[in-house]
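Quick notes on the structure that follows.
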Amino acid sequence: MFDSPLQDTYEQVMRRNPGEPEFHQAVQEVFESLAVIQGRHPEYAEHSILLRLCEPERQLIFRVPWVDDAGKVQVNRGFRVEYNSALGPYKGGLRFHPSVNLGIVKFLGFEQIFKNSLTGLPIGGGKGGADFDPRGRSDGEVMRFCQSFMTELHRHLGEYTDVPAGDIGVGAREIGYLFGQYKRLTNRYEAGVLTGKGLDWGGALVRKEATGYGAAIFADEMLRTRGASLDGRRVAISGSGNVAIYAAEKVRQLGGTPVTASDSSGYVVDEDGLDLDLLRQIKEVERGRIGEYAERRGGRARFVGTGSVWEVPVDVALPCATQNELDGADAKTLVEHGVLAVAEGANMPSTPEAVDLFAEAGVAFGPGKAANAGGVAASALEMQQNASRDAWTFEHSEERLTQIMTGIHATCVETAAEVGRPGDYVVGANVAGFRKVADAMLAFGVI
Ligand code: NDP
């Protein structure tokens, strides 16, 4: 598939990590991009940089026992993959979802290395989580789970070592319980050890909005390189969690109309544009299902329980739910409907087949590691505010986020052009993200 020595490295990585399809998918995409610069950097191969980069620095798997409301002992499995600390402390979210396993955490951690590098901020890559499902659990059960999870994880964390945040199933409530337990166990108010905190106890303005806002800003930037913008565009968004809600809000601010939202039970179409207050009330406050949105919208929205949100004709698509949620058939439908741009709010939501179809059709495609980097960038800004015991205004924080997103977009465009693949954001993001990490690893010697 690749020329040697890339092929030898690829085979070793596949052999050493069997049964982890999402991890293989993420690695393959990065290798395909790096094949473009193979030959320009013999020093990377000489020092086995890629082989070292594919092997996490540390992988933790631990038992998480806790007691449910009925008094029964439950057992979950916790993970933290401390992937690469060449540029700074390990940084990346925690995911609580029944599908979580080591391969998923490794794919997310691997992506995170390049994403964090692209932000230009001093953060390494990591990811973690558990196969715990917070849905349908009481606050007390979630608290006891989080306390047990942190009782083990805390010994591996630290503001200069490893700094988790939220992801699927981990929002402000979970971060509160996790931080409370960390504080109790360590007897330290180490605010910079977790990000996504509440605003009254070390959190930062715009962190909550940052991933979704950033994805919409990235889509707008991609359209601008083609003489267009989000203004006046119909936008399909999948998911209805943290990323989806704030992507919709920024789309609206930029003049677009977000017309869909979804969860694992189906999707809603609201031709007038989503009522974001209602969506927030149902999803953030009541933790309800997406069908309730259509029920409470007084006939203006419809709920669809089968198929996919990508069936709805739109100009722009923002997948903001989960990995591999947009496949080749979905991409074909979007292209037939004339989609102009796709920016990934989620991590790896498009299958390789879908990405190829977008490229063939000339659709502007922003991969997650660039388009959703706003969340981790705002987390790094939260760490910066914690370190300086400061709190920035919303306006200043949003301005920083916008600068970072437009900077990442420009880096992708420039790097893609430099390596002879103009307009290819996947290659631009992977090559630019990789080079910084690789050069730092070279500087440190064999460690
Ligand atoms: P949330 O838990 O807040 O929301 C996830 C949403 O996606 C929910 O609506 C959920 O529906 C839906 N969803 C999850 N799995 C599926 C599925 N298999 N099929 C259909 N819908 C599904 O998570 P976030 O919004 O934080 O994360 C969404 C994505 O963005 C993830 O890929 C995450 O890794 C990525 N991301 C998040 C960042 C952040 O700052 N939060 C930063 C960068 C990337 P349901 O409730 O029914 O499961």
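Note on the chain: Cα convex hull, mean projected area over all directions, 20.6 nm².
Across 258, 349, 122, mean-square fluctuation computed from a Gaussian network of the chain (C-alpha pairs under 10 Å connected) peaks at 122. Put simply, when 378-386, 352-360 are sorted by average Cβ atoms within 10 angstrom per residue, most first, you get 378-386, 352-360. Computed per residue of the chain from DSSP H runs no shorter than four, each worth -39500 (n - 2.57), the mean residue ellipticity at 222 nm is -14500 deg cm²/dmol.
Counting lysine pairs in segment 63-158 whose alpha carbons fall under 16 angstrom apart, excluding pairs fewer than 8 residues apart on the same chain, gives 6. When you restrict to C-alpha pairs under 8 Å that are six or more residues apart and normalise by the size of the chain, the relative contact order lands at 15 percent. Projecting label points 7 angstrom from Cα along Cα→Cβ for residue 16 and residue 41 puts them 1.8 nm apart. Pairs of alpha carbons in segment 331-447 separated by more than 16 Å make up 68% of all such pairs.
Hey, what's the chain come to in accessible area per residue, 1.4 Å probe, Å²?
Per residue, the chain has 39 Å² of solvent-accessible surface.
When the solvent-accessible area of the chain is split by element, carbon and sulfur atoms take up 49 percent of it, the probe being 1.4 Å. The ellipsoid that matches the Cα gyration tensor of segment 266-319 has semi-axes, each √(5λ) in whole angstrom, of 18, 12, 12, with the longest given first. Most tightly packed first, judged by the mean number of other beta-carbon atoms within 10 Å of their residues, the peptides 30-40, 318-328 read 318-328, 30-40.
Evaluated at q = 0.14, 0.26 Å⁻¹, a Debye calculation over the C-alpha positions of segment 73-155 (equal weights, vacuum) places log10 I(q)/I(0) at -0.50, -1.16. In whole angstrom, how far apart do the alpha carbon centroids of segment 134-167 and segment 416-447 sit? For segment 134-167 versus segment 416-447, the Cα centre distance is 33 Å. Only the Cβ atoms of Lys and Arg (+1) and of Asp and Glu (-1) were treated as charged; on that basis the dipole of the chain about its Cα centre amounts to roughly 1180 debye.
Kirkwood Rh and Cα-based Rg: tell me the resulting Rg over Rh for segment 209-371, rounded to two decimals.
Ratio value, two decimals: 0.94.
DSSP loop trypsin sites (Lys or Arg not before Pro) in segment 356-447 with at most 10 other Cβ atoms within 10 Å of their Cβ, which ones?
Details: sites: 369, 389, 400, 435, 436; in loops: 389.
Here the trypsin sites (Lys or Arg not before Pro) that fit, given the DSSP loop and packing criteria, are 389.
The values are calculated or read from the model by the stated rules, or taken from the named source; none is laboratory data. What you are looking at is a predicted structure, and each value in this text was computed from that prediction instead of being measured. Virtual Cβ from ideal backbone geometry, glycine too; neighbours counted across all protein chains shown. Accessible surface areas use protein heavy atoms only, side chains included; no ligands, DNA or RNA. Shrake-Rupley method; radii C 1.70, N 1.55, O 1.52, S 1.80 Å.
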